[in-house]
Amino acid sequence: MSEAQPSTPQNSSAPQGSRDGPHDTIYIGKKPLMAYVTSTLIQLANQPKVTIKARGLSIGRAVDVSQITIKRMESAGYKIGDVRIGSETVKSEDGRTRNVSTIEIEIRKD
């Protein structure tokens, strides 16, 4: 069974100015865990809230990023906000349609 490939690139935490998406969103992919934690902390220094998004096998990594970030920023008053789960329909390379689980975790200042 082959893994479905995303139809849009959502596997990086590239500088947000180079992306078309919102400036307060971190997309979780295959980079080291602490790269996403660092990106999240930098965004939280400039934004009142940050949304961590992941899908498929990266969901567990997104949860880890949110928990590490909260533990580091707990004294600053950052908390987990809304958590949204869902699924997206993705067309794989072999032409089959698959459902891929998604998660969005919001971190915000109280």
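The values are calculated or read from the model by the stated rules, or taken from the named source; none is laboratory data. Treat the numbers as computed from the prediction; the structure is a model and nothing was measured. Methodologically, a virtual Cβ is constructed for each residue, glycine included, from the backbone with ideal geometry; neighbour enumeration extends over all protein chains shown.
Of note:
- The one condition in (1) modelled with pLDDT of 95 or more; (2) β-branched (Val, Ile, Thr); (3) assigned to a helix (DSSP H, G or I) that Ile42 fails to fulfil: (1)
- Residue within segment 65-83 that is out of contact with any strand residue (DSSP E or B) (no Cβ under 7 Å at 6 or more places or on another chain), on the phi < 0 side of the Ramachandran plot and of a type in the set (Val, Ile, Thr) present: yes
Per-residue answers, yes or no, for (1) surrounded by 11 or more Cβ atoms within 10 Å (Cβ to Cβ); (2) more than 15 Å from Leu41 (Cβ to Cβ); (3) more than 13 Å from the chain's Cα centre (by Cα):
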residue	(1), (2), (3)
Gly56	yes, yes, no
Ile59	yes, yes, no
Val65	yes, no, no
Thr69	yes, no, no
Tyr78	yes, no, yes
Gly86	yes, yes, yes
Glu93	no, yes, yes
Arg98	yes, yes, yes
Arg108	yes, no, yes
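- Cβ-Cβ under 6 Å pairs, at least 6 apart or on other chains, segment 56-70 side without any contact (Cβ under 8 Å) to a residue 40 or more places away in the chain, far side of a type in the set (S, T, N, Q): Thr69/Thr40
- Set side by side, the residues Gly81, Gly60, Gly95 differ, and just one is assigned to a loop (DSSP other than H, G, I, E, B) and of a type outside the set (S, T, N, Q), which is Gly95.
- Flag for Ser39 being in contact with a Ser or Thr (Cβ under 8 Å, 6 or more places away or on another chain), surrounded by 13 or more Cβ atoms within 10 Å (Cβ to Cβ) and free of Cβ contacts under 8 Å to residues at least 60 places away in the same chain: yes
- The requirement of being surrounded by 14 or more Cβ atoms within 10 Å (Cβ to Cβ), part of a helix (DSSP H, G or I) and of a type outside the set (Lys, Arg) is not satisfied by Val50.
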